Amino acid sequence: MRHLMSPLDFTTEELEKLFCLANDIENNKEKYAHACDGKILATCFYEPSTRTRLSFESAMIRLGGQVIGFSDAGSSSAAKGESVSDTIRVISGYADICAMRHPKEGAPMVAMEKSLIPVINAGDGGHQHPTQTLTDLLTIRSLKGSLSGFTIGLCGDLKFGRTVHSLIDALVRYDNINFIFISPDELKIPDYIIEMLKNKNIPYKEVSSLDEVMPQLDLLYMTRVQKERFFNEEDYIRLKNYYILDTEKMQLAKPDMLVLHPLPRVNEISVEVDNDPRAAYFKQAEYGVYVRMALILTLLELA
Ligand code: NCD
């Protein structure tokens, strides 16, 4: 039985198969409409979510399966003190596959150890968010045609942003990728990631000005300042509007640079940018459903 805890749980060849399947699903939706008839997905969300939970649910329903779950720890037995290990043992008897989001780093791994069904990490604290990474990779591959040979700027909260951590982990396996990390000093990328890049000899630079590096980028991955991970409200207020991507900044960019964002957006991309053909974040959210459909089929061994 396979689970998904980190984007590295799949080899690049396996990812390639997954993305081909996701593209086939996008183009032939009716072919997959009954692929999961009789199957049940459980979504166990101990932390808020719109896209991740609903895209998982939409994915299972579009495959002909059904969905059970909770979207708030307060409405589950966690409020009575139940452990994730016990919850997953029980859910294993109710569902065929489970997507779990938890504020504690590692909680889905703890669940996986006791689970009798495949578990998907749908985000664990500031650690990893592998299905967002699958979404990001599918978006880049589909819109840019390749997962190698580009300069990517990651901008905003690089300290707490789990989507950033997972995406970097996944991208270092492809060729000729150049990372530019754009953040205020307080929100810099964690040291363990910098160490990993140094060990692998992957080119990167850390800057605080977005304008300065904008012309070099093939992809700009914007992120929200992760309010819920701050200890101190004042720090959040000081940093939340540090970067605002607007039409003026977009004029500095290459004509084919793509703007990605895992969403939700707060202020970091001004709504006027939505009309720019280079704004790919809503298309990216749509790819999230196709890639999760492909993932469910793969983990249930129905692909
Ligand atoms: C991200 C997350 O939950 O980490 N959202 C998502 O799943 N698309 C990004 C965020 O919350 O900023």
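Please treat every number below as a calculation from the coordinates, not as lab data. Worth saying up front: this structure is predicted, and the values here are computed from it rather than measured. Cβ atoms come from the backbone with ideal geometry, glycine included; neighbour counts cover every protein chain shown.
By count of other Cβ within 10 Å, fewest leading, how are Asp96, Asp72 ordered?
Asp72, Asp96
Residues considered: Phe282, Phe160, Phe19. Largest GNM mean-square fluctuation over the chain, using C-alpha springs under 10 Å, is found at Phe282.
The angle between the Cα long axis of helix 162-171 and the main principal axis of the chain comes to about 80°, on a 0 to 90 degree scale.
The phi torsions of region 217-222, fed into the Karplus equation with coefficients 6.51, -1.76 and 1.60 and a -60° offset, translate into couplings of 7, 9, 9, 10, 9, 8 Hz, rounded to whole numbers, with Gly and Pro shown as x.
Once fully extended, how much extra length lies between Leu302 and Glu233, figured as 0.36 nm per residue of separation less the alpha-carbon to alpha-carbon distance? Numbers along the way, then the final one.
Details: separation 69, 0.36 × 69 = 24.84 nm, distance 4.67 nm.
Gain on stretching Leu302 to Glu233: 20.2 nm.
Comparing mean-square fluctuations of Ala59, Ala22, Ala33 from a GNM of the chain with C-alpha springs under 10 Å, the top value falls on Ala33.
Amide H to amide H distances under 5 Å link Ile120 with Leu4, Cys98, Ala99, Met100, where only residues 5 or more positions off or on other chains count and H is placed in the peptide plane. Backbone geometry of region 287-297 corresponds, through the Karplus equation with coefficients 6.51, -1.76 and 1.60 at θ = phi - 60°, to 3J(HN,Hα) couplings of 4, x, 6, 4, 6, 6, 4, 5, 5, 4, 4 Hz, x marking Gly and Pro.
The length gained by stretching the chain between Lys144 and Glu113 to full extension, at 0.36 nm per residue less their Cα-Cα distance, is 7.4 nm.
Amide H contacts of Leu258 (H built 1.01 Å from N, in plane; Pro and chain starts excluded): Leu219, Leu220 sit under 5 Å, all sequence-distant by 5 or more or on other chains. Shown here: the chain, whose C-alpha atoms stretch 54, 45, 40 Å along the first, second and third principal axes, sorted largest to smallest. Highest mean packing comes first when the peptides 98-104, 11-17 are listed by Cβ atoms within 10 Å, giving 98-104, 11-17. In this rough spin-label picture, where each label sits 7 Å from Cα along the Cβ direction, the Asp24-Val90 distance is 3.9 nm. Above 19 Å, the calculated P(r) of region 1-136 contains 50 percent of its Cα-Cα pairs. In the chain, a dipole from Cβ-located charges (positive for Lys and Arg, negative for Asp and Glu) runs towards its positive end, and of Asn28, Ile177, Val271 it is Asn28 whose Cα lies farthest in that direction.
Defining a contact as two alpha carbons under 8 Å apart and six or more residues distant in sequence, what relative contact order in percent does the chain show?
Relative contact order, the chain: 20 percent.
Entry for region 131-284 at q = 0.09, 0.11, 0.21 Å⁻¹: log10 I(q)/I(0) = -0.25, -0.38, -1.55, Debye formula applied to identical alpha-carbon scatterers, no solvent contribution. Placing dummy labels 7 Å off each Cα toward the beta-carbon, the span from Gln251 to Tyr192 is 4.4 nm.
With everything on Cα atoms, drop me the angle between helix 51-62 and the longest principal axis of the chain, reported from 0 to 90° to the nearest 10. Compared with the principal axis, the helix lies near 50 degrees.
Residue by residue, region 128-137 carries 3J(HN,Hα) couplings of 9, 8, x, 6, 5, 5, 4, 4, 5, 5 Hz when phi is fed to the Karplus relation 6.51 cos²θ - 1.76 cosθ + 1.60 (θ = phi - 60°); x denotes Gly or Pro. Multiplying the residue separation of Ser77 and Val207 by 0.36 nm and subtracting their alpha-carbon distance yields 42.3 nm.
Across the options Ala99, Ile117, Leu147, the greatest Cα extent toward the positive end of the charge dipole of region 86-150 (unit charges at beta carbon of Lys, Arg, Asp, Glu) belongs to Leu147.
Loop-located GluC sites (Glu not before Pro) in region 211-303 (DSSP state not H, G, I, E or B) with no more than 16 neighbouring Cβ atoms inside 10 Å: Glu301. Just checking the listed ones, Ile120, Ile68, Ile237: in the Gaussian network model of the chain with Cα springs under 10 Å, the one fluctuating most is Ile237.
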